[in-house]
Amino acid sequence: MNALTRIWSDGRRAERIAYAVGAVLFFSGVVHALVLIATGGSWLGPLSMRKAVTFGLSFGLTLASVAWATSFLTMRARVRTLLLGAFTAASVAEVVLVSMQAWRGVPSHFNFETSFDTVVSMTLAAGGGVLVLTVIGFTAAALVEPGPGAPSLRLAVRAGLVVLLVALATGAVMIGRGVVAARGGDPQLAYTTAGALKPLHAVAMHAILVLPALAWLLRFTLHSEAHRLRVVQTAVAADLVLTAVIGVESFTGVDPLAAPLPLLLLSALATAVLAGTGIHALSGIEPAVRSARVLNGKARGR
């Protein structure tokens, strides 16, 4: 618990702001989920309150994850503050605008029915561009600068940012496809073509939390750094395989839940390996805690 509280207490001002804003966005998603359940609304379609739910939950979690993972990077203070501030502002804009349109009962994306809706749709697209640019900045710093001292954590942060870029690039492709279809006079086609890439967008979005969190947890075990690095390498490989499989399915229009058996097995194997690395990390914490207690007891007995 002390390690978790230190994330907040040791955080820079921009990081603490991002954590707080991320919590608000996540809470917004929870509230909208309760509203959707209470009203018996549909979870499907571009008019569903579901988008306010998914955007709130996803952006809240992603913002906090990016702030935490990038806190390990070696960067100039002003550059870090600028990038994280821009990412935070864009995240807020995305959630607020999507939620507003959900309450208005109109589509948030690819909606050019009125001048106001057009401004909202284009602002959402511009916000996506800001997100991509900021993550490119963080990724460049992660790949060029020394970064965290532990190789396992350094690899996890780098891989998490690269996969996050895949998620954001996929989102950009979704917007591009949808805008072209909507401008062509077929808004329903816009939602269909863009929606086909949602699985890849969703799966790749949260590697920035999963991989660094794994490396962070391994720091509290008795395993050597060489062992931790091997575990993280295994997790990164599994995550890349899972992302690649879902990517192939998304771009070929295959439902991940109805994919050919070989792809289903590969996805299941990659997911199982990822889960296994997490279980391995968690199982190693308790022995480390017991060892620390024994050492503390001996020290007090002297």
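The values are calculated or read from the model by the stated rules, or taken from the named source; none is laboratory data. Here the structure is a predicted model, which is why all the values come from computation and not from measurement. Cβ atoms come from the backbone with ideal geometry, glycine included; neighbour counts cover every protein chain shown.
Just to check your reading of the model, which residue among V210, V203 is at pLDDT below 95 and of a type in the set (V, I, T)?
When all the criteria are applied, what remains is V203.
Can you name the condition, by its number, that S65 falls short on among (1) farther than 24 Å from L165 by Cβ; (2) within 14 Å of the chain's Cα centre (by Cα)?
The one condition S65 does not meet is (1).
Would you be able to tell me the number of residues in the stretch 256-279 that are under 28 Å from R228 (Cα atoms) and either hydroxyl-bearing (S, T, Y) or modelled with pLDDT under 95 (or both)?
Taking the stretch 256-279 first, the residues under 28 Å from R228 (Cα atoms) are 265-279.
The next check asks that each one be either hydroxyl-bearing (S, T, Y) or modelled with pLDDT under 95 (or both); those that pass are 267, 271, 277.
Summing the residues that are under 28 Å from R228 (Cα atoms) and either hydroxyl-bearing (S, T, Y) or modelled with pLDDT under 95 (or both) in the stretch 256-279 gives 3.
Could you list, in sequence order, all residues of the stretch 54-80 that are part of a helix (DSSP H, G or I), farther than 25 Å from Q101 by Cβ and of a type in the set (V, I, T)? So that I can check it myself, show each step before the final result.
Here is the first cut: in the stretch 54-80, the residues part of a helix (DSSP H, G or I) are 54-70, 77-80.
Within this subset, residues satisfying the condition of being farther than 25 Å from Q101 by Cβ are 65, 67-70, 77-80.
T70, V79 - these are the residues of the stretch 54-80 that are part of a helix (DSSP H, G or I), farther than 25 Å from Q101 by Cβ and of a type in the set (V, I, T).
For (1) of a type outside the set (S, T, N, Q); (2) modelled with pLDDT of 90 or more; (3) touching a Gly at 6+ places or on another chain (Cβ under 6 Å); (4) buried (at least 19 other Cβ atoms within 10 Å of the Cβ), each residue gets a yes or a no:
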residue	(1), (2), (3), (4)
S42	no, no, no, no
K51	yes, yes, no, yes
G56	yes, yes, yes, yes
R76	yes, yes, no, no
T81	no, yes, no, no
L84	yes, yes, no, yes
V95	yes, yes, yes, yes
N111	no, no, no, yes
T114	no, yes, no, no
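Need the failing condition index for K51 against (1) over 28 Å from F220 (Cβ atoms); (2) in a helix (DSSP H, G or I); (3) out of contact with any helix residue (DSSP H, G or I) (no Cβ under 6 Å at 6 or more places or on another chain), just the number.
Only one criterion in (1) over 28 Å from F220 (Cβ atoms); (2) in a helix (DSSP H, G or I); (3) out of contact with any helix residue (DSSP H, G or I) (no Cβ under 6 Å at 6 or more places or on another chain) is unmet by K51, namely (3).
If you check L83 against the conditions, is it assigned to a helix (DSSP H, G or I), in contact (Cβ under 8 Å) with a residue 12 or more places away in the chain and farther than 17 Å from L25 by Cβ? Full working, then the answer.
Details: assigned to a helix (DSSP H, G or I): yes; in contact (Cβ under 8 Å) with a residue 12 or more places away in the chain: yes; farther than 17 Å from L25 by Cβ: yes.
Taking the combined requirement at face value, the residue satisfies it.
Hey, any hits in the stretch 116-124 for a residue that's of a type in the set (A, V, I, L, M), surrounded by fewer than 21 Cβ atoms within 10 Å (Cβ to Cβ), under 17 Å from R158 (Cα atoms) and free of Cβ contacts under 8 Å to residues at least 24 places away in the same chain?
No, the stretch 116-124 contains no residue that is of a type in the set (A, V, I, L, M), surrounded by fewer than 21 Cβ atoms within 10 Å (Cβ to Cβ), under 17 Å from R158 (Cα atoms) and free of Cβ contacts under 8 Å to residues at least 24 places away in the same chain.
Only one of these is over 22 Å from Q101 (Cα atoms) and aromatic (F, W, Y): F116, F138. Name it.
F138
Condition (residue is surrounded by 19 or more Cβ atoms within 10 Å (Cβ to Cβ), of a type in the set (S, T, N, Q) and in a helix (DSSP H, G or I)) applied to the stretch 171-192: is it met by at least one residue?
no
For the stretch 58-72, give me each residue that is surrounded by fewer than 20 Cβ atoms within 10 Å (Cβ to Cβ) and in contact with a Pro (Cβ under 7 Å, 6 or more places away or on another chain). Before the answer, list the steps.
Let us first name the residues in the stretch 58-72 that are surrounded by fewer than 20 Cβ atoms within 10 Å (Cβ to Cβ), namely 61, 72.
Within the stretch 58-72, F72 is the sole residue that qualifies.
Is there a residue in the stretch 226-248 that is over 21 Å from the mean Cα position of the chain (by Cα) and of a type in the set (S, T, Y)?
no
Please tell me if F27 is part of a helix (DSSP H, G or I), surrounded by fewer than 19 Cβ atoms within 10 Å (Cβ to Cβ) and among the aromatic types (F, W, Y).
For F27, the condition - part of a helix (DSSP H, G or I), surrounded by fewer than 19 Cβ atoms within 10 Å (Cβ to Cβ) and among the aromatic types (F, W, Y) - is met.
What are the residue pairs meeting all of these: first residue in the stretch 21-39, first residue under 17 Å from S65 (Cβ atoms), second residue of a type in the set (V, I, T) and in a helix (DSSP H, G or I), Cβ atoms under 6 Å, and 6 or more apart or on different chains?
As it stands, the answer is V21/T88; L25/V95; G29/V53, since those pairs meet every condition given.
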